[in-house]
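First the structure, in the form of structure tokens, and then the observations on it.
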Amino acid sequence: MHLRTLYLKNFRLYEEVMFDFCPQVNLICGPNAKGKTTVLEAINVLMTCKSFRTAQLSDMIRNGASNFYIEGVFVKNGLEQRLKISCDGKERRIVFNSTVCASANVLGLLQGVVMTPDDAALVKGSPAVRRQFLDIQIAQADPLYVHHATRYARALRQRNCLLKAKNPASIETWEQEMATAASYLSQQRARAIDDLQLLGKSLHQTLTDPQHQLSLAYQSPSPYQQDLTHLRSYYVNLFQRHRRREMELGATVNGPQRDDLAIMLGEQEVRYFASEGQQRSCLAALKLAEWVRLKDQCQETPLMMIDDVGLSLDRVRKDKLFRHLSGLEQVFLTTTEEEIVGENAREKRVIHLE
């Protein structure tokens, strides 16, 4: 799979522009504040319908314009596909191969991984950041995960409304629906973490010479069960057991919306004990592990995007990363230095932003 062209209109600082990409390494060069990261952001919107820079869709509309428009042409399974996304700041319109579709259906059409300097939040940020990392990674390969995540969010909102109103009527119905969705979500998260642990450990050793091995742990009170029936029963009992206390609080405080991912070197959590360099190595290994898992799950080669590649790692780790990237398929790198990649890329297209 590879992205052939990207057309932007009124997106961030771009009034109108067309980019043509090669199937291997695409190096986006230019001074700061010239729109390098914006190119990766637009590709990420095509992949997930979301930005990795802002939660507000209106932030991506060019000043003075009323809406933005993105169009990507990519090749998947040997066929040319076309995905169009426009937004007026409130509503999105998505068209895939002439068919209007919902935002939930975009996940999995164009798979990829993005690595940015802000990924430090995966280590230092809140559990919500790490849950989102897991959710997007799993959802790109599993449409059923998207279905259950949507069901759980809807049922959770309804239960919270009933808790705030101190109204137990029909709350059990929503708890049953939450339990069904929660069992699938927690099961798939646990499986994803197992895969990322195995892949990340090996990739971490490739990128650096660690004294301690990278390890991951799913922090959830739910039992690790292959059997969804047992998991569902656990969540039904959990919601019932805490119903009275949560009614006093007016919110659901138990469930997969509270789970977390622990990133560790040896027995110690990276966010508390690792240096900046160690943290970046762990994050790079985790993102590359995400790419490999996506490839295995989807039987397609995902895109790999790295923003400000010169800032992410020191020289030794950077050289090891570039040697690894040369074995991937389509890669997008933003940098202020054209010569940063060297001769590692088999095919390279340099896009200069003036």
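The values are calculated or read from the model by the stated rules, or taken from the named source; none is laboratory data. No experiment lies behind these values; they were computed from the predicted model shown. Cβ sites come from the backbone with ideal geometry, for glycine too, and all protein chains shown count toward neighbours.
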**Asked** Out of all the residues in region 204-215, which are surrounded by fewer than 21 Cβ atoms within 10 Å (Cβ to Cβ) and not in a loop (DSSP other than H, G, I, E, B)?
**Response** Q205, T206, S215
**Asked** With V113, V123 as the choices, which residue is buried (at least 19 other Cβ atoms within 10 Å of the Cβ), modelled with pLDDT under 95 and either at negative phi or assigned to a strand (DSSP E or B) (or both)?
**Response** V123
**Complete:** Across region 47-72, the tally of residues that are in contact (Cβ under 8 Å) with a residue 12 or more places away in the chain, out of contact with any Phe, Trp or Tyr (no Cβ under 8 Å at 6 or more places or on another chain) and not in a loop (DSSP other than H, G, I, E, B) stands at 4
**Message:** If the requirement is being modelled with pLDDT under 85, in contact with a strand residue (DSSP E or B) (Cβ under 9 Å, 6 or more places away or on another chain) and either farther than 20 Å from P23 by Cβ or among the β-branched types (V, I, T) (or both), which of these qualifies: I351, I306, I340?
**Reply:** I340
**Asked** Of the residues Q257, Q240, which is under 21 Å from the mean Cα position of the chain (by Cα), modelled with pLDDT of 95 or more, over 25 Å from K201 (Cβ atoms) and surrounded by fewer than 20 Cβ atoms within 10 Å (Cβ to Cβ)?
**Response** Q257
**Prompt:** Has region 217-227 got any residue that is assigned to a helix (DSSP H, G or I), buried (at least 21 other Cβ atoms within 10 Å of the Cβ) and at pLDDT below 95?
**Reply:** no
**Message:** Would you confirm, using the coordinates I've provided, whether Y152 is crowded, with 19+ Cβ neighbours inside 10 Å and either free of Cβ contacts under 8 Å to residues at least 40 places away in the same chain or touching a Pro at 6+ places or on another chain (Cβ under 8 Å) (or both)?
**Reply:** yes
**Request:** Give just the number: which of (1) surrounded by fewer than 17 Cβ atoms within 10 Å (Cβ to Cβ); (2) free of Cβ contacts under 8 Å to residues at least 24 places away in the same chain; (3) part of a helix (DSSP H, G or I) does L144 not satisfy?
**Result:** (2)
